[in-house]
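K.L.:
For reference, the structure I am asking about is given below.
The values are calculated or read from the model by the stated rules, or taken from the named source; none is laboratory data. These figures come from a predicted structure and were not determined experimentally. Here the Cβ positions follow ideal geometry from the backbone for every residue, glycine too, while neighbour counts run over all protein chains shown.
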Amino acid sequence: MWKRLPWLDPFLEAIEDEYRKEPPKWTLVEPEQETYNYIYSVADEEDKFDTFQLKKECAALLRSGEATVYRCISPLGEILLVSLKKDPTMPSWNLWWRCVRVILTRKKRARILLFGHPKQRLTPLEGEPIQESHVNGGATYPCNEKTIVIYRKEEMTRVIVHELFHASCSDPYHEDTPHIEADTEAWAELVLCAMAAKGKKAPFMKYMNEQLLWSVNQAEFIRIHHSVLSEEDYAWRYLVGRLDVWKSLGITLPKTPYKSIKTLRFTICEPDDV
């Protein structure tokens, strides 16, 4: 069985070791004008992935007083959260700082900007292609831990983990972009399930097997209804390519009757904020 794979125990031990520690120290401080200037500058940047302009919408609500900024600082860096007053984002400070400590092994301070837009990942009409706007929720520059930007509330923690991997210089640079993204997403979901299990094998296996069932069905849904057949199709890099990465790690994918999954939410696992 895949639970006996040689990489699995060291991987889980690293996560369990994180949860033996107290959460990183952090404190909330009043945002400075520089904070607002940074948020507005990021929101105004052209972004080919944020085609719905979710960042700009959040920034406009902030300017009009319909959103609030939380500034959380730690020895590990700074997290900024733009939360909409009509649909607030409940912050997970302990969890988010644990993610930073687990993934960013270099002694550098991260800066993460979170726009808590409520727009969900929904499938387009049947037969239409799945585009960047349907799935993307964040971006960062490789090897730059100060450029992490997230712009959806949905699956915020998963996207933080995904972007932290890019920031940590862990990308397999010998691969093309679809395979880099597939590798990053596959490991992000492994980390998410492991953190939900606090590194314990039995609950990790439960969470990960549920995630595998979800992912297999989702990949089949987008193949049938949106013709996502190869890496040439944009959604492949996230929703199909991850299956290939897991198989390459020795994980056995479940054989399950096809069940329609119309949401483009990647995961069903949510770690606790502890």
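K.L.:
Please find, within the range 104-142, the residue that is modelled with the lowest pLDDT out of those that are farther than 30 Å from S230 by Cβ and hydrophobic (A, V, I, L, M, F, W, C).
P.N.:
Selected residue: L104.
K.L.:
Residues in the range 78-90: is at least one farther than 24 Å from W26 by Cα, surrounded by fewer than 16 Cβ atoms within 10 Å (Cβ to Cβ) and either modelled with pLDDT of 95 or more or touching a Lys or Arg at 6+ places or on another chain (Cβ under 6 Å) (or both)?
P.N.:
Yes, the range 78-90 contains at least one residue that is farther than 24 Å from W26 by Cα, surrounded by fewer than 16 Cβ atoms within 10 Å (Cβ to Cβ) and either modelled with pLDDT of 95 or more or touching a Lys or Arg at 6+ places or on another chain (Cβ under 6 Å) (or both).
K.L.:
So which residues in the range 116-126 are under 21 Å from V191 (Cβ atoms) and either of a type in the set (A, V, I, L, M, F, W, C) or in a helix (DSSP H, G or I) (or both), if there are any at all?
P.N.:
Within the range 116-126, no residue meets the criteria.
K.L.:
Additional query: Identify all residues within the range 228-267 that are more than 15 Å from V135 (Cβ to Cβ), of a type in the set (V, I, T) and surrounded by 15 or more Cβ atoms within 10 Å (Cβ to Cβ); write none if there are none.
P.N.:
V245, I251
K.L.:
Moving on. Go through H225, H162 for me and flag whichever is surrounded by 17 or more Cβ atoms within 10 Å (Cβ to Cβ), closer than 26 Å to C99 by Cβ and of a type outside the set (K, R).
P.N.:
Only one candidate passes the filter, namely H162.
K.L.:
Under 7 Å between Cβ atoms, at least 6 apart or on separate chains: pull out the pairs that start in the range 165-181 with a residue that is free of Cβ contacts under 8 Å to residues at least 24 places away in the same chain and on the phi < 0 side of the Ramachandran plot and end on any residue that is surrounded by 17 or more Cβ atoms within 10 Å (Cβ to Cβ) and of a type in the set (V, I, T).
P.N.:
Between residues of the range 165-181 that are free of Cβ contacts under 8 Å to residues at least 24 places away in the same chain and on the phi < 0 side of the Ramachandran plot and residues that are surrounded by 17 or more Cβ atoms within 10 Å (Cβ to Cβ) and of a type in the set (V, I, T), the close pairs are P172/I180.
K.L.:
Next up: Out of (1) assigned to a loop (DSSP other than H, G, I, E, B); (2) in contact with a helix residue (DSSP H, G or I) (Cβ under 7 Å, 6 or more places away or on another chain); (3) within 20 Å of E155 (Cβ to Cβ); (4) at pLDDT 95 or above, what's the single condition that is false for S215?
P.N.:
(1)
K.L.:
Go through (1) over 20 Å from L12 (Cβ atoms); (2) part of a loop (DSSP other than H, G, I, E, B) and name the single condition R237 misses.
P.N.:
Checking R237 against (1) over 20 Å from L12 (Cβ atoms); (2) part of a loop (DSSP other than H, G, I, E, B), the one that fails is (2).
K.L.:
A further question follows. Go through the range 2-19 and give me each residue that's within 16 Å of I103 (Cα to Cα) and more than 21 Å from the chain's Cα centre (by Cα).
P.N.:
Scanning the range 2-19 gives P10, E13, D17.
K.L.:
What about M195, is it crowded, with 17+ Cβ neighbours inside 10 Å, closer than 21 Å to V102 by Cα, aliphatic (A, V, I, L, M) and touching a Pro at 6+ places or on another chain (Cβ under 6 Å)?
P.N.:
Judged against the criteria, M195 is a match.
K.L.:
Of the residues in the range 223-239, how many are among the hydrophobic types (A, V, I, L, M, F, W, C) and closer than 10 Å to E185 by Cα?
P.N.:
Result for the range 223-239: 1.
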